[in-house]
2 protein chains.
Amino acid sequence: MTHQAQHDTMISGAVGADIIPPTVNPLLQRERDRATLTKDLVTQMTYMIDDGKDKTARRRHIESSLFSDPLFSERDRYIRTSAETFDIGVKRSIRLIDFKKVHNITFSETWDYVYRALTNDLTFGVHDLMFVTFIDQQGTEEQKARWLGKARNMQIMGTYAQTELGHGTYIPGLETTATYIPSTEDFVLNSPTLTSMKWWPGAMGKTSTHVILIAQLIIGGKNYGPHAFMVQLRSLKDHSVLPGRSVGAIGDKWNFGGVDNGYLSLENVRIPRKDMFMKYSQVAPDGTYSKKGNPKVMYTTMMVVRLKIAQECWQSLGRVLTTAIRYSAVRKQGPIDQGGREVVILDYQTQQEKLFPGLATAYAFNAVGKRLQEVFNKVQADIEKEDFSSLPELHALTCGLKAFTTDTAVRFVDMARFACGGHGFLLSSGLPYSYSRLSAGCTYEGENTVMMLQVARYLLKSAYAAQNGGTLASSVAYLAEDTSGQTWPAQTETDVVDSGLLYKAYQHRAYRLVNQVGQRMAQLMGQGQSQGVAWNNSTVDLVRAAKAHMQFYTMATVFDVIKPLALDPAIQSILQTLSCLYAIYMMDQSIGDFLEDGYMNTDQAQMVHGQYLALLNAVRPEAVPLVDAFDFSDLTVHSVLGCYDGNVYERLYEHALRDPKNKTEIHETYYKYLRPLLTEHQSKL
Amino acid sequence: MTHQAQHDTMISGAVGADIIPPTVNPLLQRERDRATLTKDLVTQMTYMIDDGKDKTARRRHIESSLFSDPLFSERDRYIRTSAETFDIGVKRSIRLIDFKKVHNITFSETWDYVYRALTNDLTFGVHDLMFVTFIDQQGTEEQKARWLGKARNMQIMGTYAQTELGHGTYIPGLETTATYIPSTEDFVLNSPTLTSMKWWPGAMGKTSTHVILIAQLIIGGKNYGPHAFMVQLRSLKDHSVLPGRSVGAIGDKWNFGGVDNGYLSLENVRIPRKDMFMKYSQVAPDGTYSKKGNPKVMYTTMMVVRLKIAQECWQSLGRVLTTAIRYSAVRKQGPIDQGGREVVILDYQTQQEKLFPGLATAYAFNAVGKRLQEVFNKVQADIEKEDFSSLPELHALTCGLKAFTTDTAVRFVDMARFACGGHGFLLSSGLPYSYSRLSAGCTYEGENTVMMLQVARYLLKSAYAAQNGGTLASSVAYLAEDTSGQTWPAQTETDVVDSGLLYKAYQHRAYRLVNQVGQRMAQLMGQGQSQGVAWNNSTVDLVRAAKAHMQFYTMATVFDVIKPLALDPAIQSILQTLSCLYAIYMMDQSIGDFLEDGYMNTDQAQMVHGQYLALLNAVRPEAVPLVDAFDFSDLTVHSVLGCYDGNVYERLYEHALRDPKNKTEIHETYYKYLRPLLTEHQSKL
């Protein structure tokens, strides 16, 4: 069939099947055939990534069940209008309720399998993740009895309203108030200013019936700080907005059309006393206030969210690299030797540099996410026993990993988009979508710089404790060991990729930067600066120290997680390669940190760089199977460049033909704007 | 008016005026009042940026004339559908034709003033920039007589078709052919494969009537390489597609909805001999081929485009920083000292780090753009005299600056979006739009890595020439001076911000990295690698060397441009501060490059870092006037966060109320999806 004929056929409405070949692109097949990682080994890696064969089976079952529904397997994401995107977001979310019941899908399966498969094109994510979780974690037994079942069945639809138009992560600055009135035993809710309007909560604008509202609790004129309240927004009979609430959508976001993020202002809204969340803080009928445990416990829901963001990060990155690496294995761009044959762009060193450190990072973050879950489970169990001692470490870890993983991943996603050139700029490539979604993760649920400064604060406190003989949590235990003045013992090229020596270098650098900024702060305070001013004047370096700590923590964790795995030697070997690349890429990028104090010398720095380049080369033959092992469905990858079959040009063309502008040969803008001009001119000729 | 009442008013359709105060936000006014740069000095800076008071006047006149037309002053950019965006893109482009005639707007004014004001929401940019320019530069007198007038008057609408679906910057790989048939004296055009389809040209999909087609010229079975041809696509009578052409739009891009980028495949399309561009290459009637000059002269149009991209870059960055800095001057986020008053986030060091290096860069790129224009004008004059000797340097400079400016600016735009937190993720902030537009610039008109490798090739050639006694162009003359083994003479904090010493450091580093990678390549070839393979295995380091060269070139140029300016001392002083910040920020970021070979020592590195922080502090009080001086109209900035009056919360709210989802209190998704569920459940309760 000629292109002309194909074109005519497509325009007439018979889209698709005849353009895309039924076979795998030979260039991509060649990659799979030549790699050490055979199809069987790739499957084993998938099991490892999923944390077990049974989990892979369960995930695949849920995915194939989902995708058997045309609502979940359609491919129009990049053609829809904003209004259509919202419509399908709601429709899908509602469709999922029954789906989850039929398949007995748990909370973590919702996140790990359903959201993974659909890449979050859903309206009620905050409901699933925060509204239900918060009730479960912060509600009394009586409150859980009243709300939890309804929330789980979506008989009430809710969201979490903390952020205000003028107030983000600085919680004490929230202006919304809940004033207790003992005589009527209820709270009066008010958002007295424009800046106090709740702003951003997902699904608050047009869909949620309820909201968990964070407001300053005022009793007898005294402010007891932010507390949580259940507030109904809309009638359950007809969805009309209840009196005293102004609520609406806040306008379009960057590729987040499925969610009606909302604003809410409150004017003398009354709610009964029993609708304040009372598990950890109580207001008695007479207005007596009491609390138990660590006040930070109110933010454990936030910790869950940060944990999930950090854990999900490898998936966003993995999906994008699946696209970029498959595309790079079929895209040609000139020969390497003049007059030679054109090679695929994955053979170019600069292309490898754009993609393979990210690939190593996706594997690393998968491992780190598993470790973080173990830590979280332990702390959660402690909290159940009212032991809050591990909260500060978990807080620092979840803040740090949320910020570090999203910051890191978004850079690699950006690079992957550049690695796909112009085609990566088409919405149909899926890369713009992935970039902006991940970019959102850098500012929501705790802006990343603020998060890194939370880590820094924890590090300085720990360093201070270490100097004063206190005990340190395991993730910061290294701060008790003074490594200043040391030099790096690495002598050979083998040494610089030795995990033990890499560990030492990262430890030294984190120790140095943490202590250096601590001393700098002390110095500034010695010069008369207040603690707050000295802190502010050190924040660039505090973030730098926190980043060094997170790089150390993650590189150490990665080697720690992969070491005891009992897998095929070929898999162990490539995991070792990827882990080294993860560690050495970050080192090469920040080599000044290691050189500055003389810890590393010129030769070592050049060996690090050389080994970094050598590791890119080592990953090259396994790159395609390494993304295959992520086992993302084509529908999840959702990119014309990233399908398993590698037929990228056919899919680009097929998607182009579905551009609504192509519905007619002559576009309506011709009749509206061009014809008058052209006709006028031609008549003058 | 209460928010409830405002909300009700807005929903009922009376949008706007009553929400936004008529006065400047006092926090922003305070910034302007306290700064050394008074309103008068700001105006003087605007003149400097515009390159003269008369140019500022002309620009403002054109802007105010444009914005007096509601088509150009509307504010619905972030509410429109893709179809509406395209519609307005065409409508505006057509409206501009008369506007330009009425106001006698020249080619460079179109770019510098009209496009600047409208930030490119236009369909026919490629027509204005490339189609017309190409005819002018590459057409014979006869061809110019036939085409130029019509093109300028848009009696024909055209684009430039080089890129193919499977082929980007590697021009020899293009597959489209133009085969000369002496018997009929015409060319037969074919795109024989899917990958040979022309893909991407702006306005080719649905609007252009003509295209400048780049195709392999075949005469008597011999391929003479890529040449340019004028090809008509659509009838001038009724816009129907002419026989043998398949043409359509390629689908939506990332915030580029105003342009119908297109695909084109050709099947035995015949065009007359006289429609090949013949100024520099000729095909005689009998098929005899001849050419004159440097074959690269065909790409001078591309050089103009790259020049313009590099020159425009400071504007994109400047617009974004106008938004982010004004917003940061009114946004509060906690106190610096515990218990103190909340400060504006511009007082935070981490916020300054996100914004001020970018601000310094915007000023630097403005200066570099002016210098580049001078170089370009000189080379252009040489070419007119058929002297092509300066082409290689200009090629390297335009490639390098296009890549370096877009790469650098896109990073700062990204950071500015993060600096605005969640609100920066709303389309109404304008930041997502700016990011994706600038991101496009990193891959179009020459993918940036390919561009940097062109620079690297020029650097290696120049270094080789230097070693062999050849003469070097001025931008690479430093390669003749061996600086290896030297150390940095800077001793004090004053020294590290001395422009001469900064110059030395950048010179040393560029020299070292260029020569180091040259030696590395020689070493690899000595080990038996072919030149192509050795080149490929050095590309990471070649890009690094090219970047070091561009940083050196730009920092040197900036100091060179600002030095002789005769401006108010306060302005000279702040320009000096910004230039130092530009240089020292890049140094601090790549400090490893300066430490690695022992050129710099620990103390110097720490002084560099200390001075970098001190410069952030020095810029702080002048930050708002420094963006005011860019003199972007609110309509150009096009951001609820970035208006001159700083009333960000009111504008956020006003824009939210215009969200189409807010048209009704109860959204249609309730009736479609939520009501059945809620009704069913409630009846069960």
**Study point:** the protein assembly as shown: antiparallel DSSP beta bridges as a percent of all, rounded to 5
**Key:** 85
Review point. To the nearest 20 debye, what charge dipole does chain B have about its Cα centre, counting +1 at the Cβ of each Lys and Arg and -1 at the Cβ of each Asp and Glu?
Key: 1340
Review point. Which shape class, rounded, prolate or oblate, goes with chain B when its Cα gyration tensor gives a ≥ b ≥ c as root eigenvalues, a/c under 1.5 marks rounded, and past that a/b bigger than b/c marks prolate?
Key: oblate
Practice item. Please give the average number of partner chain Cβ atoms lying within 10 Å of the Cβ of each residue in B:415-426, rounded to a whole number. Key: 6
Check your understanding: Put a point 7 Å out from Cα along the line to Cβ at residue A:467; what are the distances to that point in the other copies, in nm, shortest first?
Key -> 5.2
Exercise for review: May I ask for the net charge around residue A:23, where only other residues with Cβ less than 12 Å from the Cβ of residue A:23 are counted and Lys, Arg are +1 while Asp, Glu are -1?
Suggested key: -2
Revision key, fill the gap. Expected sort for B:75, B:319 with the fewest Cβ neighbours (10 Å cutoff) up front is B:75, B:319
Review point. Local charge sum around residue B:280 (other residues, Cβ-Cβ under 11 Å, Lys/Arg +1, Asp/Glu -1)?
Key: +3
Study note, to complete from the structure: Neighbour-count ranking for B:317, B:657 (other C-beta within 10 angstrom, fewest to most) reads B:657, B:317
Review point. Residue separation times 0.36 nm, minus the C-alpha to C-alpha distance between residue A:235 and residue A:146: what's the value?
Key: 30.3 nm
Exercise for review: Specify which residue in the list A:315, A:426, A:476 is farthest towards the positive end of the charge dipole of region A:303-625, using unit charges on the beta carbon of Lys, Arg (+1) and Asp, Glu (-1), about the Cα centre.
Suggested key: A:426
Review point. About its Cα centre, how strong a charge dipole does the protein assembly as shown have in debye, to the nearest 20, once Lys and Arg get +1 and Asp and Glu get -1 at the Cβ?
Key: 1960
Exercise for review: Would you tally the net charge around residue A:390, using a Cβ to Cβ cut-off of less than 13 Å, leaving residue A:390 out, and scoring K and R as +1, D and E as -1?
Suggested key: -3
Review point. Measuring from a point 7 Å out along Cα→Cβ, what nm distances, shortest first, does residue B:377 have to its partners in the other copies?
Key: 7.2
**Study point:** Leading residue at positive end of dipole, region B:135-292 (Cβ point charges), from B:249, B:154, B:190
**Key:** B:154
Check your understanding: Sorting B:39, B:354 on the 10 Å Cβ count, fewest up front, what's the list?
Key -> B:39, B:354
Exercise for review: Provide an ascending nm list, one decimal, of label-point separations from residue A:221 to the equivalent residue in each further copy; define each label point as 7 Å from Cα along Cα→Cβ.
Suggested key: 10.4
Check your understanding: How crowded by other chains is A:327-337, given as the mean number of beta carbons from other chains within 10 Å of each beta carbon?
Key -> 4
Point to revise | Value at 222 nm in deg cm²/dmol, rounded to 500, when DSSP H runs of n ≥ 4 in chain A each add -39,500 (n - 2.57) | key: -16500 deg cm²/dmol
Check your understanding: What size of dipole, in debye to the nearest 20, comes out for region B:181-338 about its Cα centre when the only charges are +1 on Lys and Arg C-beta atoms and -1 on Asp and Glu C-beta atoms?
Key -> 420
Exercise for review: Starting from the Kirkwood radius over alpha-carbon pairs of the protein assembly as shown, derive D by Stokes-Einstein at 10 °C in a medium of 1.306 mPa s and give it in µm² s⁻¹.
Suggested key: 48
Practice item. Provide the gained length on full extension for the span residue A:101 to residue A:292, in nm with one decimal, where the gain is 0.36 nm per separating residue minus the Cα-Cα distance. Key: 65.1 nm
Study note, to complete from the structure: Residues whose modelled amide H sits under 5 Å from the amide H of residue B:282, counting only those 5 or more places away in sequence or on another chain, are B:290, B:291
Review point. Using the membrane-span-like helix rule (whole DSSP H runs, Cα extent along the own axis of at least 20 Å, mean Kyte-Doolittle hydropathy at least -0.5), which helices of chain B qualify?
Key: B:82-102, B:300-328, B:349-384, B:391-419, B:448-467, B:499-526, B:539-562, B:569-589, B:602-619
Review point. Per Stokes-Einstein, at 4 °C and 1.567 mPa s, what whole-number D in µm² s⁻¹ belongs to region A:303-625, with the Kirkwood radius over Cα pairs as the hydrodynamic radius?
Key: 62
Point to revise | For region B:515-624, average projected area of the Cα convex hull in nm² | key: 9.1
Practice item. Find the relative contact order for chain B and round it to a whole percent, using C-alpha pairs within less than 8 Å whose residues are 6+ positions apart. Key: 17
Study note, to complete from the structure: Whole-Å distance linking the alpha carbon centroid of region B:124-147 with that of region B:300-346 is 37
Check your understanding: On average, how many beta carbons from a partner chain sit within 10 Å of the beta carbon of a residue in B:533-540?
Key -> 5
Check your understanding: For the charge dipole of chain A, defined by +1 on Lys and Arg C-beta atoms and -1 on Asp and Glu C-beta atoms about the Cα centroid, which residue among A:216, A:349, A:405 has the Cα displaced farthest towards the positive pole?
Key -> A:216
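Computed from the coordinates by the stated procedures, all read-outs in this text should not be read as laboratory data. Note that this is a predicted model, so its numbers are computed, not measured. Cβ atoms come from the backbone with ideal geometry, glycine included; neighbour counts cover every protein chain shown.
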